[in-house]
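Asks: Structure below; questions to follow.
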Amino acid sequence: MFPNERIQNGVQFFISKRSELKILYLTWDGPQTTYLESLFLPIFRRLQDQGIRFSVRQYSWGDRGRCLEREAACQTIGVPYKGVTVRRQPSGAGPLLTALADAPRVASLMKSGYADLVLARSTMPALIALAASQLSSFPIVFDADGLPLDERVEFGGSNPKGLEQKLLRRVEAMAVRHSRSVIVRTEAAREILFERQGGQVSPGKFHIVSNGRDPVVFIPSPPLIREQTRKELGFGSDTPVLVYAGSIGPQYRLNDMLLLLQQVMLKRPDARLLILTGDTQRAQDSIIQFSSHLAMSCDVRSASFDQIPRYLSAGDAGISFRTPSLSMRAVAPIKIGEYLLCGLPVVGTPGIGDIDAAVAADVFFPVEIDSPTAIQSAAGWVLRGLADTRRRQAARQIGIDRFSLSASASSYFDALFYR
């Protein structure tokens, strides 16, 4: 249970008068993303113990089977789910038309008492919530989810002066102003969004939350299971194994991962890189383009959520490279917590989110981008730690202290009940 003294501004009275708080969660996700199932549903499950009831309205496109899988995942914890298909055509206008067309339905749900407030994750759901609130008055909590509009400009080729950017930035600003509270992942995101409002909002409405994982799920494998997993993957019992789990794209610096592997292989030619991603073809093509010879030392595979902890535990160090930029200061890489909870020390880019303050130096080796010397030093650090059980134990403890599901649920609780 979260301590009662965390409940402020009359919320304790509010709870005493009602059996539960009902929240409609709006999220907009591509067909390959698993944030709902892997990140948010575990948090919702924890918050259910505090009398909070969630329902999910997810906007997506692509394979109908993914929608059914997501619905099934929600059903396992008693969360009602509704999938809404996003129109992809006409290009650019289709998503906007989807959002505006669904706003009256959301307004109708809220007017009927379906939920007490809307939690809108990212810009398009915020547009839906804002449009719906013009038809039916209800409170909104805005999960800014980093700085996605800036990320589109920096890595997605979006025109910063284009009509789409202008419209969505206006939506972002309105969401910050009109929401009861704003959820961010880092101190930098809080500062940036606050400064963009020019003092029109209270700094107290911004709440930093963590992307936590369940330490009972993400846990180092026992030695026998670790050995069996390595054998399954074709790795020797003492093979140095670097692990990357996540998306493939320019901001994730796959070439730097391969450079790190090359440096480790100078001392240990048997070293391997395990890549766990939903975009396996793109990863394989990029590796071959970098070096067809090095491709033989890489294992690229897609893994279900329940397989990931076992695969991570088979490694010796996790990789979390990002291209430094404005938007990257606002993200909190989920993989960091996963690595640490599974006992993996991390090689990563400094200055990404709040990672420098959150991860102790003895389990995180910072690598400056475009620095061959730093890559070489990181390779030496990985090799020196291969048999260091204390380093793995320290990684696990920091994961529990800073990246646990309980800490994440507690931070969401504060944001949802802020008034």
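Every number here is computed from the coordinates shown, using simple stated rules; none is lab data. Just so it is clear, the structure is predicted and the values come from calculations on it, not from any experiment. We place every Cβ from the backbone using ideal geometry, glycine too, and count neighbours over all the protein chains shown.
Asks: Would you mind giving the three semi-axes, in whole Å and largest first, of the ellipsoid equivalent to segment 167-214 according to its Cα gyration tensor? Let's see the in-between values first.
Replies: Working: eigenvalues 79, 29, 20 Å².
The answer is 20, 12, 10 Å, longest axis first.
Asks: Could you give the dipole magnitude of segment 223-402 about its Cα centre, charging the beta-carbon of Lys and Arg +1 and that of Asp and Glu -1, in debye to the nearest 20? All intermediate terms of the calculation are to be shown ahead of the outcome.
Replies: On the way: 19 positive and 18 negative charges, 51 e Å.
Magnitude of the dipole: close to 240 debye.
Asks: Assuming R0 = 22 Å, can you tell me the calculated FRET efficiency for the pair Lys22 and Ser406, based on Cβ-Cβ distance, to the nearest 0.05?
Replies: Details: r = 23 Å, r/R0 = 1.03.
For R0 = 22 Å, the calculated efficiency reads 0.45.
Asks: On to the next question. Take the Cβ-Cβ distance between Gln397 and Leu163 as r, set R0 to 51 Å, and report the resulting FRET efficiency rounded to the nearest 0.05. Walk me through the numbers on the way to the answer.
Replies: Values: r = 50 Å, r/R0 = 0.97.
Given R0 = 51 Å and the Cβ-Cβ separation, E is 0.55.
Asks: Between Thr34 and Ser377, with labels modelled 7 Å along Cα→Cβ, what's the label distance in nm to one decimal, could you check?
Replies: Going from the Thr34 label point to the Ser377 one covers 3.5 nm.
Asks: Straight distance only, please: which lysines reach the Cα of Lys82 with their own Cα at less than 27 Å, same-chain residues fewer than 8 apart left out?
Replies: Here the lysines satisfying the reach criterion relative to Lys82 are Lys22, Lys111.
Asks: Might you report the magnitude of the Cβ-based charge dipole of the chain about its Cα centre, with Lys and Arg at +1 and Asp and Glu at -1, to the nearest 20 debye? It would help to have the intermediate numbers written out before the result.
Replies: Details: 49 positive and 40 negative charges, 200 e Å.
With Lys and Arg at +1 and Asp and Glu at -1, about 960 debye.
Asks: If you don't mind, there's one more thing I want to ask. For the charge dipole of segment 223-402, defined by +1 on Lys and Arg C-beta atoms and -1 on Asp and Glu C-beta atoms about the Cα centroid, which residue among Ser327, Ala394, Gly337 has the Cα displaced farthest towards the positive pole?
Replies: Working it through, the farthest residue towards the positive pole turns out to be Ala394.
Asks: Right, another one. Please check the chain for the longest run free of chymotrypsin sites (Phe, Trp or Tyr not before Pro) that are loop-located per DSSP (anything but H, G, I, E, B) and have at most 16 other Cβ atoms within 10 Å.
Replies: The longest such stretch corresponds to 115-304.
Asks: Which angle between 0 and 90 degrees, to the nearest 10, do you get for helix 223-233 versus the longest principal axis of the chain when only C-alpha atoms count?
Replies: Helix 223-233 sits at roughly 90 degrees to that axis.
Asks: Equivalent-ellipsoid semi-axes (√(5λ), Cα gyration tensor) for the chain, whole Å, largest first? Could the numbers behind the result be given before it?
Replies: Numbers: eigenvalues 284, 112, 85 Å².
One finds semi-axes of 38, 24, 21 Å for the chain.
Asks: Once you have the Cα-Cα distance between Ala387 and Arg301, take 0.36 nm times their residue separation minus that, and quote the gain in nm to one decimal. Could you put the intermediate results ahead of the total?
Replies: Values: separation 86, 0.36 × 86 = 30.96 nm, distance 2.61 nm.
Taking Ala387 through Arg301 to full extension adds about 28.3 nm, to one decimal.
Asks: Separate question: Treat each spin label as a single point 7 Å out from the Cα along the C-beta direction, and report the Glu232 to Gln75 distance in nm.
Replies: 2.7
Asks: Could I ask something else about it? Based on alpha-carbon centroids, what's the gap between segment 147-162 and segment 57-115 in Å, whole number please?
Replies: 24
Asks: Pop a pseudo-label 7 angstrom from the Cα along the beta-carbon direction at both Gln134 and Ile225 and give the gap in nm to one decimal.
Replies: 5.2
Asks: How large is log10 of I(q)/I(0) for segment 254-328 at q = 0.16, 0.19, 0.24, 0.27 Å⁻¹ when the intensity is taken from the Debye formula with one equal scatterer per alpha-carbon?
Replies: Log-scaled intensity ratios, in q order: -0.64, -0.88, -1.25, -1.37.
Asks: Spelling out what I want: for every residue of segment 374-384, take phi, set θ = phi - 60°, compute 6.51 cos²θ - 1.76 cosθ + 1.60 (Karplus), and round to whole Hz; glycine and proline get x.
Replies: Here the 3J(HN,Hα) series is 5, 4, 4, 5, 5, 4, x, 5, 4, 5, 5 Hz.
Asks: Under 14 Å from the 7 Å Cα→Cβ point of Ile369, by amide nitrogen: which residues of segment 256-295?
Replies: Answer for segment 256-295: 256-257.
Asks: Aspartates and glutamates near Lys205 by alpha-carbon distance under 17 Å, same-chain residues fewer than 8 away left out - which ones?
Replies: Asp143, Asp145, Glu172, Glu187, Glu191, Glu195, Asp414
Asks: Which semi-axis lengths, in whole Å and largest first, follow from the square roots of five times the eigenvalues of the Cα gyration tensor of segment 162-297?
Replies: Working: eigenvalues 355, 89, 32 Å².
That gives 42, 21, 13 Å for the three semi-axes.
Asks: Please compute the volume of the convex hull spanned by the alpha-carbon atoms of segment 223-402 and report it per residue in Å³. Don't skip to the end; give the middle numbers.
Replies: Values: hull volume 19.7 nm³, N = 180.
Looking at segment 223-402, the number lands at 109 Å³ per residue.
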